[in-house]
Amino acid sequence: MTIKPLIILPDPVLRQVSSPIAQVDDAVRKLSDDMLETMYDAPGIGLAAIQVGIPKQMLVIDLHKEGEEKQPQIFINPEILRSSDERSAYEEGCLSIPDYYAEVERPAKVTVKYVDIAGKEQIVEAEGLLATCLQHEIDHLNGVLFIDYISRLKREMVIKKFTKAKMRA
Ligand code: ZN
């Protein structure tokens, strides 16, 4: 397993739309291992392939609590089938926008269709943190970031801050 470098705001790669994965083969399994390794190293609770520069529809999530065993979850070609009218707010962060957090309101429950790492189609009804995390990561596959949901003024400030940091680096 390899820890891959993370793509950081304002890299335009983050705005790319990812394409579906046609077949779950060794390359896809290797990528999922590398993504999990990269996410655990960061550390984070979710990562989309585009965040390591690969525009493929795959994301990994692990919501295990401290002291519990790891619970890696891999979602290939995820698609939201239904979203609840009920909404919930979480303070979100993103490995591509380090050390910035903002409250985002999203549907509280989502039904998501995806392909698992064995190549089998699955459906999950998610709520709570998993629902938020899935929506955040699926947004990445469409080039959408959580800062797109905050005010324009705040978003421009964040982008400016990261642009300056990049120029210094
Ligand atoms: Zn993110």
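What follows draws every value from the coordinates through simple rules; no lab data is involved. Only a predicted model underlies this, so the values are computations on that prediction, with no experimental measurement involved. Backbone-built Cβ (ideal geometry, glycine too); neighbour counts: all protein chains shown.
A simple count of charges around Thr163, restricted to other residues whose Cβ falls under 12 Å of its Cβ and scoring Lys, Arg +1 and Asp, Glu -1, yields +3.
Straight-line cross-link reach from Lys166 at under 19 Å between alpha-carbon atoms covers these lysines, not counting any fewer than eight positions away in the same chain: Lys4, Lys154.
Under 10 Å, Cα contacts only: if you run a Gaussian network model on the chain, which one of Glu66, Glu105, Glu156 comes out with the highest mean-square fluctuation? Result for the chain, Cα springs under 10 Å: Glu66 fluctuates most.
With N as its number of residues, segment 28-117 has a Cα radius of gyration that, divided by 2.2 N^0.38 Å, comes to 1.14.
Over the chain, all Cα pairs binned in 5 Å intervals from 0 give whole-percent P(r) values of 1, 9, 17, 21, 22, 16, 9, 4, 1, 0, listed from short to long. Determine the sum of side-chain charges near Glu86: Lys and Arg each +1, Asp and Glu each -1, restricted to other residues whose C-beta is under 14 angstrom from that of Glu86. Charge balance near Glu86 sits at 0. Across the chain, the relative contact order, built from alpha-carbon pairs under 8 Å that are at least six residues apart, equals 24 percent. For Lys109, nonlocal amide neighbours, meaning residues 5 or more places apart or on other chains whose placed amide H falls under 5 Å from its own, are Ser84. Amide H to amide H, with H built 1.01 Å from N, Lys4 comes under 5 Å of Thr38, counting only residues 5 or more places away or on other chains.
Give the shape of segment 38-89 as rounded, prolate or oblate, defined through the alpha-carbon gyration tensor: a ≥ b ≥ c are the square roots of its eigenvalues, a/c under 1.5 means rounded, and otherwise the shape is prolate if a/b is larger than b/c and oblate if not. It is oblate, given that a/c is not under 1.5 and a/b is not larger than b/c.
The GNM of the chain, with springs linking C-alpha atoms under 10 angstrom apart, assigns the highest mean-square fluctuation among Lys113, Lys56, Lys65 to Lys65.
In order along segment 77-89, the phi-based Karplus estimate (6.51 cos²θ - 1.76 cosθ + 1.60, θ = phi - 60°) of 3J(HN,Hα) comes to 6, x, 9, 7, 8, 9, 10, 6, 6, 4, 10, 9, 10 Hz; Gly and Pro are listed as x.
The alpha carbon gyration tensor of segment 75-143 gives principal lengths a ≥ b ≥ c with a/c of 1.5 or higher and a/b no greater than b/c, which makes the shape oblate.
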